[in-house]
1. Is there any pair linking a residue in the stretch 35-59 that is of a type in the set (Asp, Glu) to one that is surrounded by 15 or more Cβ atoms within 10 Å (Cβ to Cβ) and assigned to a strand (DSSP E or B), with Cβ under 8 Å and at least six apart or on different chains, and which?
2. Return the residues of the stretch 10-49 that are of a type in the set (Ser, Thr, Tyr) and either closer than 18 Å to residue 74 by Cβ or assigned to a helix (DSSP H, G or I) (or both); say none if nothing qualifies.
3. When only residues in the stretch 8-56 that are polar (S, T, N, Q), surrounded by 12 or more Cβ atoms within 10 Å (Cβ to Cβ) and more than 22 Å from residue 90 (Cα to Cα) count, which is farthest from the chain's Cα centre (by Cα)?
4. Might you let me know whether the stretch 27-38 holds any residue that is at pLDDT below 90, polar (S, T, N, Q) and within 12 Å of residue 8 (Cβ to Cβ)?
5. Of the conditions (1) in contact with a Leu (Cβ under 7 Å, 6 or more places away or on another chain); (2) among the hydrophobic types (A, V, I, L, M, F, W, C); (3) buried (at least 18 other Cβ atoms within 10 Å of the Cβ), residue 86 satisfies every one except a single condition; which number is it?
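The values are calculated or read from the model by the stated rules, or taken from the named source; none is laboratory data. These figures come from a predicted structure and were not determined experimentally. FYI the Cβ positions are ideal-geometry reconstructions off the backbone, even for glycines, and counts take in every protein chain you see.
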Amino acid sequence: MTDTIRVAAYARSATAPDNEAIQRQIQRCQDEAERKGWSLCQVFQDEGISGNSDDRTGLNALRSGFHENQLDVVLVESADRLFRDLVLIRDFLELAEEFGIEVRISEQKRSLSSRELPQLGRRIHILRGMEHNK
């Protein structure tokens, strides 16, 4: 008997309503799960909430799944869908690691760990600059 990998997807859009962006993110996570031979057991989402906010209904429910031992893997389209704040993403990754949960970035087809925060910080800084120049 093989163990079932419990996979959740998380999607976030800062603009509301932006169902198209949310559905695109979920589809990309679904595609990555299928490539790995997994199926999504849960989908969490937040619309109209900044990536600089830590208080989000969908994100809080996702973290509850950590504490309730309901998940093995979290898929997100890109790291900035989780947070646009380096301290918040560090805290999230450390919490996931504490519970043995792998966080995967579907667009890069790889895992994300707290050890990668210096490189991630540079990417977040660049993204913020791009947003301010719009």
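1. Filtered contacts from the stretch 35-59: 46/11; 46/12; 46/13; 47/12; 47/13.
2. Within the stretch 10-49, 10, 13, 39 qualify.
3. The extreme case among them is 39.
4. No, because not a single residue in the stretch 27-38 is at pLDDT below 90, polar (S, T, N, Q) and within 12 Å of residue 8 (Cβ to Cβ).
5. With respect to (1) in contact with a Leu (Cβ under 7 Å, 6 or more places away or on another chain); (2) among the hydrophobic types (A, V, I, L, M, F, W, C); (3) buried (at least 18 other Cβ atoms within 10 Å of the Cβ), residue 86 is out only on (3).
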